[in-house]
1. Suppose every K and R has +1 on its Cβ and every D and E has -1 on its Cβ; what is the size of the dipole of the chain about the Cα centre, in Debye to the nearest 20?
2. Between S210 and F59, what is the label-point separation in nm under the 7 Å Cα-to-beta-carbon projection?
3. Indicate, rounded to the nearest 5 percent, the antiparallel portion of the DSSP beta bridges found entirely in the chain.
4. Spelling out what I want: for every residue of the range 122-129, take phi, set θ = phi - 60°, compute 6.51 cos²θ - 1.76 cosθ + 1.60 (Karplus), and round to whole Hz; glycine and proline get x.
5. Quick query: amide H of D146 versus all other amide H atoms, modeled in the peptide plane; which residues come in under 5 Å with a sequence gap of 5 or more or a different chain?
6. In terms of modelled amide H atoms, which long-range or inter-chain residues lie less than 5 Å from the amide H of I106?
7. Within the chain, which is the longest segment containing none of the GluC sites (Glu not before Pro) that sit in a DSSP loop and have at most 16 other Cβ atoms within 10 Å?
8. Shape call for the chain from the C-alpha gyration tensor, a ≥ b ≥ c root eigenvalues: rounded (a/c under 1.5), prolate (a/b greater than b/c) or oblate?
Amino acid sequence: MATNDPEVRGEPVRAWRGAHVHALDAIQRDAVDLAIWERVPAAELRAAIGQTDLGGVEFLRFEAPADRVAEELRCAFLEAGIAGDGAALAEDAQLLACAFARTLGIGDVAVRLEHVAGDACRRFHADYVAARLITTYSGPGTQWLDAEAAARHEAGIAPRAAEIRQLRAGDVGIFKGRRWPGSTGIVHRSPPIQASGAARLLLVIDPAGS
C-alpha cells in the first residue's frame, strides 16, 4: 500500500511505505526515519534463492561501485564454491545497491550477503552508520520498534510483543542510523530464530567505508 503519510498504520517512528522502488527515496525527508519498499520478489528471483545453497558460508562481504555489485557477487559465489546459479540474486543485489547509492548520492557501497541460522544481532540496537539497506530474501524479516517503544527500550523497559514491528521477506528497508544528521537511528534487530530451527538469507548494504 502506497501512502503519502509518514505516520502510517499508527507507527510514530515516521515510517514511509510504498509499492515501488522509489518509496526508498523518502528516506531523504526529515519526517521519515525508515523507508520501506513493500515488494513481492519475482518468481525468477524466488527460484534462484531456493536453489542457492549458502549453508556452508556464513557471509560474503565486499566493497564495490554500486553498478558492479552483480559482477563482484558472482565472483564471490565462485570463490566460495557456492552451488546454484546466483545470477538472478546477484542482479537483484545490484538493483538494490544502485537504488541505495542513488538515494544517498554515493558511488561505492559495502555489501554483505549473510546466511543466518542462529540468533545473531538479536538485541535491539541502532546502527552506527548514516543509513543501511536491509532485505531478507528468505526467512523471518528484520524487526524494529517505533519511537515510543524505542524510548522505553533505551530506559531499560523491554518492548511488548505487540510493539515489535517486522518487515516481510522480500521487503526492502532503508534505516536511518545514528550518523544521519538529526536522527538517532531506527532501533531494530534480527529476529530470534535459533529455537525455531529457521534460517535467513539477508542482504545488507551500507555506504562504503562505514
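Read-outs throughout are calculated quantities, based only on the coordinates presented, and are distinct from any laboratory measurement. These figures come from a predicted structure and were not determined experimentally. We place every Cβ from the backbone using ideal geometry, glycine too, and count neighbours over all the protein chains shown.
1. Details: 23 positive and 28 negative charges, 113 e Å.
Approximately 540 debye in magnitude.
2. 1.2
3. Details: 35 of 39 bridges.
Looking only at bridges with both residues in the chain, the antiparallel portion is about 90 percent.
4. 7, 7, 5, 7, 10, 6, 8, 9
5. Sorted by chain and number, the residues that satisfy this are R165.
6. Here nothing satisfies the definition.
7. 59-210
8. Details: a/c = 1.70, a/b = 1.35, b/c = 1.25.
Prolate.
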